[in-house]
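**Student:** Here you go, one structure.
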Amino acid sequence: MIALLCFVLADLAASFKSKSRLEAENAALRHQLIVLRRKVQSRVRLTNNDRWFFIQLYRWFPSILKVLTIIRPETLVRWHRAGFCRYWRWKSRSPGGRPQIETDLRALIRQMSVENPLWGAPRIHGELLKLGFEVAQSSVAKYMVKRRGPPSQGWSTFLRNHVPEVAAMDLFVVPTIGFDLLYAFIIIRLDRRDLVWINVTTNPTAEWIARQLTEAFPWNQAPRYLLRDRDRIYGTIVTRRLRAMGIRDKPIAPASPWQNSFAERLIGSIRRECVDHIVVLGEAHLHRILRSYARYYNDIRTHRSLDKDAPVSRPVQRTGSIISRPILGGLHHHYIRA
């Protein structure tokens, strides 16, 4: 800034000098610049004040482009345009407005928008008013999650609304002490993961499967859909029985056991927690073991998918001494307060 002030004073003093003297000084200054350019190898460093000075001088006297030495003329023009953009950006800045709402409230608006895809700004605004938040509806619309296309529910919501009417069935094999094969048949409801039916046979047939379905579901408790794999044992007799009971048969795709994941998961739990640790003596022995495990599975065993509750909900006991009761000969235990 001091250098600019000195320049202004020198410029004022130049008005009292003769024309020939000014021309001689200009020639001396230009030659000094030429000498300096030969010495300086790197790029000349200019401050913002230097740039502002050249820009203002260019605005008043555009002809200085012809005598510029240390910078290129196009560089000065670029500086001028950048200054023009910054000036009008500053000129058109927002003078103020409504203050931003709190971060927690913005997060709550986004949470409501994500959890309720069918809600618009008026509905979310109404909920916020009932929660004691004084906020404009336009602000709610501003901080909502932007979506492409019409609002739609997620797959998890769709499945939760339909899962009470869906059940799944499957067969698995258990070897005996004499190397014979026993077949266990299970049916599970997907809503509470409860094991509806379990039975054992040495020779599963379509007639036997149809009889199990009749015994598992009373006429007023049959599910709307029943998942199964494409085993040949589910023949015409089974499909007719399902149709007569008002159940829609839903076979999975070939070689896609993951589509019947609930039944496969249950079979894995039965193996890991029961039959893999027991030598089965015969059909009656396996039947008794699986019945005992089914009672443990439905009434006692907690499930992560049920928020650590059992399929048949267990009450929370807070008082009394803790008692341990063995299940399956001590393979598992039930802890209660008495």
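The values are calculated or read from the model by the stated rules, or taken from the named source; none is laboratory data. Remember, predicted model here, so these are calculated numbers, not experimental data. Positions of Cβ are backbone-derived with ideal geometry, glycine not excepted, and every protein chain shown enters the neighbour counts.
**Student:** Hey, can you tell me all the residues within segment 181-193 that are surrounded by 13 or more Cβ atoms within 10 Å (Cβ to Cβ) and not in a loop (DSSP other than H, G, I, E, B)?
**Tutor:** Residues satisfying the conditions are 182, 183, 184, 185, 186, 187, 188, 189.
**Student:** Filter the helices (runs of 4 or more DSSP H) completely within segment 101-162 down to those with at least 3 residues that are on the phi < 0 side of the Ramachandran plot, surrounded by 11 or more Cβ atoms within 10 Å (Cβ to Cβ) and at pLDDT below 80.
**Tutor:** On the way: elements: 103-115, 121-130, 137-143, 155-162.
In segment 101-162, 155-162 are the helices (runs of 4 or more DSSP H) which contain 3 or more residues that are on the phi < 0 side of the Ramachandran plot, surrounded by 11 or more Cβ atoms within 10 Å (Cβ to Cβ) and at pLDDT below 80.
**Student:** Same structure, new question: Looking at residue 310, is it modelled with pLDDT of 90 or more, buried (at least 16 other Cβ atoms within 10 Å of the Cβ) and farther than 28 Å from residue 175 by Cα?
**Tutor:** Yes: the conditions hold for residue 310.
**Student:** When segment 292-310 is examined, which residues are found to be farther than 17 Å from residue 189 by Cα and in a helix (DSSP H, G or I)?
**Tutor:** Result: 292, single match.
**Student:** Write out, first by first residue and then by second, each pair whose Cβ atoms fall under 8 Å of each other, whose residues are 6+ apart or on separate chains, and whose first residue, in segment 79-92, is assigned by TED's automatic domain parsing to the domain that holds residue 51 and surrounded by 12 or more Cβ atoms within 10 Å (Cβ to Cβ) while the second is of a type in the set (Ser, Thr, Tyr) and modelled with pLDDT under 75.
**Tutor:** Listed by first residue and then by second, the contacts come to 80/58.
**Student:** Can you list residue pairs whose Cβ atoms sit under 8 Å apart, with the first residue in segment 184-202 being over 13 Å from residue 221 (Cα atoms) and the second being part of a strand (DSSP E or B) and among the acidic types (Asp, Glu)? Count only pairs 6 or more apart in sequence or on different chains.
**Tutor:** These pairs meet every condition: 185/170; 186/170.
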